Amino acid sequence: MLTSLLPPQVTAVDTFHDSAGTHDGGARLLFPEEEALVAAAVAKRRHEFTTVRHCARTALASFGLPPAPVLPGPRGAPRWPDGMVGSLTHCAGYRAAAVARDTTVAALGIDAEPAEPLRDEGVLKLVTLADERTALRALAAHRPGVPWDRLLFSAKESVYKAWSPLTGRWLGFHDARVTLRPDGTFTADLLVPGTTRAGTTLTGFDGRWQVRDGLAVTAVTVPPEHGARTA
């Protein structure tokens, strides 16, 4: 699902099936530190937590890294081994991880959602700006079979996952204006101050989207020079 949305320097691993908690040989899929985080969780939460970390370790192994815990850091974002960046996502029936070396990618954001309309007008207003809703209506008239509102929500989730490790700050749904395009791309213009590095200020992100196999999937890749677009 994700390969076509990400550059070749990023490794993505995904699955439509949950891991049961052990490899066929009996080796545990979770480290003790990870087990402690879901010790009291219901089975559904344990399964998605376990599987998405198995995806992450499989992706990290492609860079020659040994298995290690993937633990949450500030604001819940996963902490990656030194020299690596990455992102996780899971929704009903789907788990995925994407990782890259921080010399080739500054930050990553991936998100997957059911390919269904949001339906609740209150939720739509909560996660979108007025001009975004106007654009959604135009897109729906042009291509009515695409869940544009769900894609917009997913794009904002991917943007936040890329923004958070770069800035260490919260980004609200109304703090970035997302423009979806029918060609499978989108842009996100920041409406709050970005972070500045080497004399350039992050002003927005570029991303890609796809709707397939009952999923709406989005991805943002921030290049090493700091931001997808800078001023």
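The values are calculated or read from the model by the stated rules, or taken from the named source; none is laboratory data. Being a predicted model, the structure only gives us computed values, none of them experimental. Note: ideal-geometry Cβ built from the backbone for every residue, glycine included; neighbour counts use all protein chains shown. Only protein heavy atoms, including side chains, enter the accessible area calculation; ligands, DNA and RNA are left aside. Shrake-Rupley method; radii C 1.70, N 1.55, O 1.52, S 1.80 Å.
Give me the lysines in straight-line cross-link reach of Lys125: C-alpha distance below 22 Å, same-chain residues under 8 apart excluded. Partners found: Lys156, Lys161.
Farthest toward the positive end of the dipole of the chain, out of Val38, Val127, Ala59, is the Cα of Val127, where the dipole comes from beta carbon charges about the Cα centre.
Compared with the direct C-alpha span, the chain from Phe16 to Arg28 gains 2.3 nm at full extension, assuming 0.36 nm per residue. Here the convex hull built on the C-alpha positions of segment 83-168 has a volume of 121 cubic angstrom per residue.
Normalised by the number of residues in the chain, the mean separation of alpha-carbon contacts (under 8 Å, six or more apart) gives a relative contact order of 20 percent. Per atom type, the chain shows carbon and sulfur on 56% of its accessible surface, probed at 1.4 Å. For Arg143 and Glu116, the FRET efficiency from 1/(1 + (r/R0)^6), where r spans their Cβ atoms and R0 equals 25 Å, is about 0.95. Once the mean of 1/r is taken over each pair of separate Cα atoms and inverted, the chain shows a Kirkwood hydrodynamic radius of 18.2 Å.
Distance between the pseudo-spin-label points of Arg45 and Lys125 (7 Å out from Cα toward the beta carbon): 3.1 nm.
In a simple Cβ point-charge model (Lys, Arg +1; Asp, Glu -1; nothing else charged), segment 103-143 has a dipole of about 160 debye relative to its Cα centre. At a probe radius of 1.4 angstrom, the accessible area of segment 1-140 per residue rounds to 50 square angstrom. Model label sites at Asp102 and Trp170, defined 7 Å from Cα along the beta-carbon direction, differ in position by 2.5 nm. Within segment 52-131, the trypsin sites (Lys or Arg not before Pro) that combine a DSSP coil assignment with at most 11 other C-beta atoms in a 10 angstrom radius are Arg119.
Across segment 91-107, coupling constants 3J(HN,Hα) worked out from phi with the 6.51/-1.76/1.60 Karplus curve, θ = phi - 60°, read 8, 3, x, 8, 9, 7, 9, 9, 9, 7, 6, 6, 7, 10, 9, 7, 6 Hz, and Gly and Pro carry x. Inter-label distance, Arg212 to Leu37: 2.8 nm, where each label sits 7 Å from its Cα along the C-beta direction.
In the chain, the calculated helix contribution to ellipticity at 222 nm averages -9000 deg cm²/dmol per residue, counting -39,500 (n - 2.57) for every DSSP H run with n ≥ 4.
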